[in-house]
Structures are given as C-alpha cells and as structure tokens.
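> Take a look at the following structure, please.
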C-alpha cells in the first residue's frame, strides 16, 4: 500500500506541474491561466511532491523510502505525459482517482 500511496501522490503532483504550463492548462480547462493561479498550481505540486517523499520515508525509512520515491517518479511522470498526449480532458479524472487512492492507501496503512 505504501507504493500505491507514493505513486498516487506523485501522479497528483505531476498533473499539477503539467497544468502549471499555459498550453496544458488551456487544453485541460479551456481557459487562460493567470499568474496567481499558476503560482498556486506550482506551489501545490511542490508540496505534494515533498509529501510523497515524506510518506515514503516515514513508511519505509529514509534509505529505502527515497529509493522508492525516485523509482516511482519516472513512471508517474510518464503516466501523466501519456494522459496529456492522448486525452488531456481526462487529467481532471486522473486527479480525482489519485486523490481517492491516496485516501484508500492512508486508511489501509492505519
């Protein structure tokens, strides 16, 4: 379950990083990205990214947790990239699924 938690947090973070770019934001939401909203998107992305690192380190220890985090970073980015290339409107659904998987994983770890 810790792998699922970290992967879903990383997917969520990568989706916020992707929509922090003007062209991707317009493709997903259909409106222009403002400067303040872009800053919030990127700040949220960094926070969730470090939250994933923290979750991995708390569950598996620093040495193994950081390796899990780095190992899952690339598949999460590729997953979001493929979603953006094929169906950019699905990105909002992916965020909801990733958030639900995070909650499910946290409940399972407790």
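> Among the listed residues 78, 54, 43, 100, which satisfies the condition of being out of contact with any helix residue (DSSP H, G or I) (no Cβ under 6 Å at 6 or more places or on another chain) and either farther than 18 Å from residue 16 by Cα or not in a helix (DSSP H, G or I) (or both)?
Exactly one of 78, 54, 43, 100 is out of contact with any helix residue (DSSP H, G or I) (no Cβ under 6 Å at 6 or more places or on another chain) and either farther than 18 Å from residue 16 by Cα or not in a helix (DSSP H, G or I) (or both), namely 54.
> Please state which of the following conditions residue 31 fails to meet, knowing it meets all the rest: (1) without any contact (Cβ under 8 Å) to a residue 24 or more places away in the chain; (2) in contact with a helix residue (DSSP H, G or I) (Cβ under 6 Å, 6 or more places away or on another chain).
Failing condition for residue 31: (2).
> Still on this structure, I have one more. So, of the residues in the stretch 21-49 that are closer than 17 Å to residue 82 by Cα and surrounded by 15 or more Cβ atoms within 10 Å (Cβ to Cβ), which turns out to be farthest from the chain's Cα centre (by Cα)?
27
> Every residue in the stretch 11-28 that is more than 17 Å from residue 93 (Cβ to Cβ) and either part of a loop (DSSP other than H, G, I, E, B) or touching a residue at least 12 places away in the same chain (Cβ under 8 Å) (or both), please.
Initial filter on the stretch 11-28 (more than 17 Å from residue 93 (Cβ to Cβ)): 17, 20-23, 26.
Across the stretch 11-28, the qualifying residues are 17, 20, 21, 22.
Yes or no, residue by residue, for (1) over 22 Å from residue 30 (Cα atoms); (2) within 13 Å of the chain's Cα centre (by Cα); (3) at pLDDT 90 or above:
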residue	(1), (2), (3)
51	yes, yes, yes
61	yes, no, yes
87	no, no, no
100	yes, yes, no
106	yes, no, no
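The values are calculated or read from the model by the stated rules, or taken from the named source; none is laboratory data. On a predicted model such as this, the values are computed, not experimentally measured, just so you know. We place every Cβ from the backbone using ideal geometry, glycine too, and count neighbours over all the protein chains shown.
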